[in-house]
Amino acid sequence: MNKQCKKTTIGGQALIEGIMMLGPDKSAIAIRKAGGEIDLKVEPLKTLRNRFKIFRIPFLRGIIGMFDSMRLGFSAINYSASFAIDEIEEEPSKFERWLEAKIGSKAVENILLGIAGVFGVVIPIVLFVFLPTLLAGLLDGVIGAGILRNLLEGLLRIIIFLGFMYSVSHMKDMKRVFSYHGAEHKTIFCYEAGEDLTVENVKKFPKEHPRCGTSFLFSVMVISILVFSVVQWSNPWIRMALRLALLPVVIGISFEVNRLIGRFDNPFTKFMRAPGVWFQGFTTFEPDDSMIEIAISALSAVIPEEEGKDKW
């Protein structure tokens, strides 16, 4: 079933036993606690795009939007993780007790979250920028530093990305997270179809959504091949530095392309969306009823009072 009456800008992110939804005015995080009850946290949406009009202009809005998404996403994941940590009754190590005594438990928590955030940024850069560049550099003597090398780097980047996501999707704990991802999509589909947000209604809809952030990431991989083709330096370190400098350009273009093809439904746009929708087979699983309840709770909290304010 793929009935759709409207297209909404409301989107979300799967968390640890929960979901975050972002509306035009509010953000909501719904978490399933150990006892079964739902913890719902609703706050005004504070983003740079909402605060400054300059960050709403085309191209720039995609770059700033990525920054806002990462910031809000890290915060939401940390919030959901706090519930999981509270359920684990484990004695702190001597080193942890020493740190808490010296700088305080809150400071320790902030330091650990900061380290996790750094790794969350560094690891993708190493995997999807540095590694393909270094591997392709091994064939410099054969293919040179021109278009063939750029195409090879792009192909390696996509292969590494697919392999990484395939491996992650088969981890037991991540399967539950990706099931919440499926619940998020199905619930948004139900809302867009104008049906009441009930578990039975939501279950009828697909788990793959054409305007998912996963599809955006896949677009980034493909568009990076075209943008990075302007880099012709053979020195691998210069190439990697230039690729990092061009990442905002790739993100800005990818955002506008995704926004455009998400607005229309015709054979061309469906063809353009198809790879991203296919890729969601790695990042979404069918949710159970309790996961759908979480998605409904989070989505219901961010629906704007003004009709049409969330129009895509």
For segment 283-294, state whether one or more residues are surrounded by fewer than 12 Cβ atoms within 10 Å (Cβ to Cβ) and aromatic (Phe, Trp, Tyr).
-> no
For segment 50-61, the count of residues that are surrounded by 15 or more Cβ atoms within 10 Å (Cβ to Cβ) and either among the hydrophobic types (A, V, I, L, M, F, W, C) or under 30 Å from Met291 (Cα atoms) (or both) equals 2
Can you name every residue in segment 26-49 that is open to solvent by 40 Å² or more (accessible area, probe 1.4 Å), in contact (Cβ under 8 Å) with a residue 24 or more places away in the chain, more than 19 Å from Gly213 (Cα to Cα) and part of a strand (DSSP E or B)?
-> Arg32, Ile38, Leu40, Lys41, Val42
Quick check: anything in segment 171-187 under 30 Å from Gln232 (Cα atoms) and modelled with pLDDT of 65 or more?
-> no
Have a look at Ser80, Ser69 and point out the one that is open to solvent by 50 Å² or more (accessible area, probe 1.4 Å), in a helix (DSSP H, G or I) and either among the hydroxyl-bearing types (Ser, Thr, Tyr) or at pLDDT 90 or above (or both).
-> Ser69
What number of residues within segment 8-25 satisfy the criterion of being surrounded by fewer than 17 Cβ atoms within 10 Å (Cβ to Cβ) and out of contact with any Asp or Glu (no Cβ under 6 Å at 6 or more places or on another chain)?
-> 1
Go through (1) closer than 17 Å to Cys5 by Cα; (2) aromatic (Phe, Trp, Tyr); (3) in a helix (DSSP H, G or I) and name the single condition Tyr180 misses.
-> (1)
Counting only residues that are modelled with pLDDT of 95 or more and assigned to a helix (DSSP H, G or I), how many does segment 193-231 have?
-> 4
Per the filter on segment 69-83, residues within 21 Å of Phe55 (Cα to Cα) and touching a strand residue (DSSP E or B) at 6+ places or on another chain (Cβ under 9 Å) are Ser69, Leu72, Gly73
Check on Trp278, over 21 Å from Arg176 (Cβ atoms), over 17 Å from the mean Cα position of the chain (by Cα), surrounded by fewer than 21 Cβ atoms within 10 Å (Cβ to Cβ) and of a type outside the set (Lys, Arg) = no
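The values are calculated or read from the model by the stated rules, or taken from the named source; none is laboratory data. Worth saying up front: this structure is predicted, and the values here are computed from it rather than measured. Glycine gets a Cβ as well: all are built from the backbone with ideal geometry, and neighbour counts include every protein chain shown. For the accessible areas, the whole protein counts, side chains as well, though only heavy atoms, and no ligand, DNA or RNA atoms are used. Shrake-Rupley method; radii C 1.70, N 1.55, O 1.52, S 1.80 Å.
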